[in-house]
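Working notes, beginning with the structure itself.
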Amino acid sequence: NFTSLNSASWLSFIVIKPYGADHFINGLTVTDNTFKATGGNIDRVDKLDSSIATLDLTRTRNVNWSSNTFHQVDQWTASPAALQFTQSTAASTWVCDFSDWMPFGGEARNATSVVPVGPLRNGANVIQHVSAYSDPEQGSTGGEIHLIWPSSVSGKVNVTARMDNPF
């Protein structure tokens, strides 16, 4: 359990501070923890301190950051992270932004599942039976996964993404 009392909002419980080039995360498990701030919220529980060097987040492997609980933490983090996205107007590319959810500002490197919630519909409101492929590491920080559909559709999907290469 992690607890803070009357802390500044920028406090983070888990901080990685690299001291050289070419460092990356390989084999980190943060599961079944309680992160609790009392007397004020904190921004998030994880932080990358790049004041001396930074991590090569494109080489991250075997990160399991799940089943944690957050109390008075503004931005929860998880990898894998399961989020729901709604596309109101028909489009052939959907942008699924995981950038705030990946620990240490990692990229959304893999989509492990995409499951429609209800029917997908085209611009004429007709149900479409299509599936998408994922295009990960998109956006300015690499935190987006683009879903590419064979035709323009709207609807809702549950997407699970990881910040690492799990194998």
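The values are calculated or read from the model by the stated rules, or taken from the named source; none is laboratory data. None of these values were measured; they are calculated from a predicted model. All Cβ positions, even for glycine, are placed from backbone atoms using ideal geometry, and neighbour counts span all protein chains on display.
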Mind checking which residues of the stretch 29-46 are under 18 Å from residue 107 (Cα atoms) and buried (at least 18 other Cβ atoms within 10 Å of the Cβ)? 30, 44, 45, 46
Per the list (1) within 30 Å of residue 15 (Cα to Cα); (2) outside any loop (DSSP other than H, G, I, E, B), residue check on residue 99 breaks on (2)
Conditions (1) more than 15 Å from residue 16 (Cβ to Cβ); (2) assigned to a loop (DSSP other than H, G, I, E, B) -> residue 50 fails only (1)
From the list 21, 82, pick out the single residue that is in contact (Cβ under 8 Å) with a residue 12 or more places away in the chain and in a loop (DSSP other than H, G, I, E, B). 21
Residue in the stretch 127-150 that is at negative phi, without any contact (Cβ under 8 Å) to a residue 40 or more places away in the chain, over 24 Å from the mean Cα position of the chain (by Cα) and part of a loop (DSSP other than H, G, I, E, B) present: yes
Given the residues 126, 95, which is the only one that is of a type in the set (A, V, I, L, M, F, W, C), within 16 Å of residue 147 (Cα to Cα) and either modelled with pLDDT of 95 or more or buried (at least 16 other Cβ atoms within 10 Å of the Cβ) (or both)? 95
Does the stretch 102-124 contain any residue that is among the hydrophobic types (A, V, I, L, M, F, W, C), within 18 Å of residue 66 (Cβ to Cβ) and in contact with a Gly (Cβ under 7 Å, 6 or more places away or on another chain)? yes
Only residues that are closer than 15 Å to residue 161 by Cβ and buried (at least 17 other Cβ atoms within 10 Å of the Cβ): list them for the stretch 47-82, please. 57, 60, 63, 65, 77, 78, 79, 80, 81
